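Chemist: Would you mind keeping the following structure in view while I ask a few things?
The values are calculated or read from the model by the stated rules, or taken from the named source; none is laboratory data. Given the structure is predicted, the values throughout are model-derived calculations rather than measurements. Note: ideal-geometry Cβ built from the backbone for every residue, glycine included; neighbour counts use all protein chains shown. Ligands, DNA and RNA are excluded from the accessible area calculation, which covers all protein heavy atoms including side chains. Shrake-Rupley method; radii C 1.70, N 1.55, O 1.52, S 1.80 Å.
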Amino acid sequence: MALYRVDEGEGSLSEIPETSLSGEGMRERGDLQRWLRDHADVLERGLFVLADGYRNWEDSNREIDILALDEDGRLVVVELKRDEGAFMDLQAIRYAAMVAHMTFRQAVDAHRHYLDRRGIEEDAEHRVLEHVGADDGGEPEISSAYPRILLAARDFPQELTASVLWLNNAGLDVRCVRLLPYRVGDDLLLDVTQVIPLPEAEDYMVRIRDREAEQEHRSYPDIAWSREDIERLAALTTNNLILTIYDLCAAAPGEWVSLGEVRALGSPEQQARWPKARFAIGGLGGQTRKIRREFGRDNAPWDFDYRQGLDTRSFRLPPEVAEWWRAARKPSIASAEDQG
């Protein structure tokens with residue numbers, strides 16, 4: 001798509017010619033990397049930079065341009081090219097394989113080195129915890145088994161886009177973001193547009209992929225919850241968001257409780273943080289992993305209603321499970337009331 005200057009007086013349009021970052025003397029591992037590192041939201045809303053120029057492996061001098069976490073707490077490998085992105089998909093796949101299964105502790109270490117190198121005197125662990133929406137009560141997990149890939153370049157050759165579409169069809173998450181520069185007088189403009197997948201189709205594609213993954217790859221059975229299971233779950237759950245969901249559902253057995261209602265009850269600090277990390281996804285993903293790891297099952301105690309929009313996604317507990325949860329939580333609730 002071309003960019004035009006509008007002359008309102010004459011009622012005419014004049015096309016602004018495209019340029020290239022290399023032609024403007026911009027460096028790939030310097031200017032472009034620095035711009036997008038410091039303004040990661042340009043590439044994707046809520047992208048949290050763990051490190052730039054990341055390398056932590058032997059026998060290789062390769063570097064990941066930007067290593068990040070998305071709003072869901074999933075690892076993202078960002079590969080940048082000033083001009084045409086030929087073969088950058090192959091590079092990014094190699095890098096994604098190198099950081100696959102990165103632990104929370106390794107992510108914190110990478111972020112600590114990044115902050116130290118930039119002279120930023122902030123606590124790396126606190127920053128990562130704040131982004132994933134986790135509480136200080138326990139060490140969270142990050143989703144790193146299959147890192148997402150984000151490719152950013154001026155142009156993408158046809159063989160690359162064909163590979164990306166095929167990889168997405170196979171269940172990976174690869175995105176292409178076009179960086180199109182324009183020169184207007186003394187100003188350099190940068191048009192940043194996601195071209196694969198098209199934003200209009202993204203939510204639909206995610207739902208289809210998640211549904212297929214659930215049907216084809218479910219490895220944990222559905223097992224009925226017992227009173228002893230609920231007591232143990234209450235003791236293991238430390239995330240305030242998840243506890244609030246359970247407590248509200250237990251107070252109204254059989255009734256739907258929306259995430260909007262849950263968010264409204266959070267402290268000012270939580271309300272400020274939860275929207276930044278889509279406030280629910282990170283905590284819900286952690287709860288799912290905990291249920292699978294600790295209880296060997298796929299089903300949570302609650303019923304989940306998936307509706308359009310985060311605030312309208314809702315939960316409910318069966319009356320019997322709600323009663324077990326209230327009984328298991330009584331000591332904690334009483335203690336909190338005494339401290340208050």
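Chemist: In nm, to one decimal, how far is the D41 label point from the L188 one, both placed 7 Å along Cα→Cβ?
Modeler: 2.3
Chemist: With a/c under 1.5 counting as rounded, go ahead and sort segment 30-171 into rounded, prolate or oblate using the C-alpha gyration tensor (a ≥ b ≥ c being the square roots of the eigenvalues; past the cut-off, prolate if a/b is larger than b/c, else oblate).
Modeler: It is prolate, given that a/c is not under 1.5 and a/b is the larger ratio.
Chemist: Could I ask something else about it? Hey, what does the equivalent ellipsoid look like for segment 1-54, semi-axes from the Cα gyration tensor as sqrt of 5 times each eigenvalue, largest first, whole Å?
Modeler: The answer is 33, 16, 7 Å, longest axis first.
Chemist: Let me ask something else about it. Using a 1.4 Å probe, what is the accessible area per residue for segment 44-161, in Å²?
Modeler: I get 46 Å² per residue for segment 44-161.
Chemist: Which percent of the accessible area of segment 14-101 is formed by carbon and sulfur heavy atoms (probe 1.4 angstrom)?
Modeler: About 43 percent, which is the carbon plus sulfur part of the accessible surface.
Chemist: Here's a follow-up. So, counting K/R as plus one and D/E as minus one, what does the shell of residues with Cβ under 12 Å around R178 add up to?
Modeler: -2
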